[in-house]
1. Quick one: which residues, 5 or more positions from Gly358 or on another chain, have an amide H under 5 Å from its amide H? H modelled 1.01 Å from N in the peptide plane, none for Pro or chain starts.
2. Starting from the Cα-Cα distance between Asp82 and Ser96, subtract it from 0.36 nm times their residue separation and give me the gain in nm to one decimal.
3. Which residue, Thr363, Ile309, Ala265, has the largest displacement toward the positive end of the dipole of segment 255-386 when charges sit on each Cβ (Lys, Arg +1; Asp, Glu -1)?
4. Could you tell me the relative contact order of segment 266-389? Use alpha-carbon pairs under 8 Å, at least six residues apart, and round to a whole percent.
5. Pull out the extension gain between Ala184 and Tyr295, defined as 0.36 nm times the separation in residues minus the alpha carbon to alpha carbon distance; nm, one decimal.
6. More than 27 Å apart: what percent of Cα pairs in segment 255-386 qualify?
7. If you stretched the chain out fully between Ser342 and Asn112, how much longer would it get, using 0.36 nm times the residue separation minus the C-alpha to C-alpha distance?
8. For the pair Asn267 and Ala164, how long in nm is the line joining their label points, each one 7 Å along Cα→Cβ?
Amino acid sequence: MLAGLGATVLPQGLAAGESPATAPRPGQESLATFDALATLGLASQALSGPPRSEIETAASVEPTPTPSPSPTPTPEPPVCVDDPTHPLYCIYTVVSGDTLSGIAQKLAFSGNASLSAAEMLAQSNKPDVVSSDQIVPGQRLRVPKQSGILHTVLVPESLGEIAAAYGVTAEAIVAVAGNNIPDADSIRLGQDLLVPDPLKLPQVATTAAPPLETPQPQETPTVQPTPAPTDTPEPETPAATPTRSARRTPTATPSPARTPRPGRASNFGFIWPVQGPISSTFGPSHPLGIDIDLYEDPNATIVAAKSGIVTFAGGNPCCSYGLYVVIDHGDGTQTLYAHFSSIAVQAGQSVARGQKIGNGGRTGYATGNHLHFEIRVDGKVVDPMLFLP
């Protein structure tokens, strides 16, 4: 009885055998419930993300664009391109509006008190450059690596003769490292030399008449039948027929009578190296020879104008003469043939008159396919028309 009564009067929620001290007090259940709900609410918020208002606010803010990396600038090609096989000069390609003096200024190429930079550039690019008026876009020019003139050895000449032609000393030319001259006797045909700080330009030596031991040819007029004697007094005896050289004053337009004729040799033993119209004659604007046009046969066979020994065969396709051949004829004359597309002979080779030495082309400076042809007598440039048939 007493035991049952005690069980009924225990506080609500107190289990049998539980100490009153550990039983929850009034209100504790409510606090625990509140804490549990609060915890559940935070977890729900964490699972469901930020409130809608915060999402809308975040959506309204534009994202900051990621800056793209700046492109690496492409370096501009060099204005004057080095040629590893020709360390004395670089190669400049003419653009519209260029002049020789403007090119020199662009490349910091200077002249001296005696010669302008333009004069040095023109002399370095013979035979096709005489002045600024004769350069065209696309043309490639040789520009010396230092103030000076590029001289190409085309005929047997001593270093002293070359130095004297430019008003400098042989020692000054030897001192240019790129010339590769171990001694004054080691220069060779076809070699390019840089003449530093020249004081003058070499004179283009020409001759009024062929200075050969062979008698000068006289073009004898065609013999006409002797008319029957009449009472009419005979006309005065005409003056002596002028020599070939006296009549061959270079003109801008070549005479049709001088069209190359195959097979025939002149009194000096020369034949035409190729057939074609003469597009440039010998004169102040073209002082080193003549040009024979090849537009009808761009790669025509070029033959030796006279028997001899090939002293040079090669060149640089980029500039000036391009690929060219020099022949020594053993009588004080040499011939030069330029702008080949291909060469069929080599230095030291004997060639007969009329033998193929290469094919025409437009290497070097050539506005079209043509043969540039020169004759020198004792190293002096002469008008080829004086020697050709």
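Readers should treat all values here as calculations from the given coordinates under stated rules, not as data from a laboratory. These numbers were taken from a predicted model, which means no experiment stands behind them. Cβ: placed from backbone, ideal geometry, glycine included. Neighbour counts: every protein chain shown.
1. Counting only residues 5 or more places away or on other chains, the set is Ile302, Ala344.
2. Numbers: separation 14, 0.36 × 14 = 5.04 nm, distance 2.16 nm.
Here the answer is 2.9 nm.
3. The residue sitting most towards the positive pole is Ala265.
4. Values: 342 pairs, mean separation 38.5, N = 124.
Taking the mean separation of contacting Cα pairs over the length of segment 266-389, I get 31 percent.
5. Working: separation 111, 0.36 × 111 = 39.96 nm, distance 4.31 nm.
Length gained, Ala184 through Tyr295: 35.6 nm.
6. Details: 674 of 8646 pairs.
Looking at segment 255-386, the distances longer than 27 Å represent 8 percent of pairs.
7. Values: separation 230, 0.36 × 230 = 82.80 nm, distance 3.88 nm.
Separation in residues times 0.36 nm, less the Cα-Cα distance, equals 78.9 nm.
8. 3.2 nm
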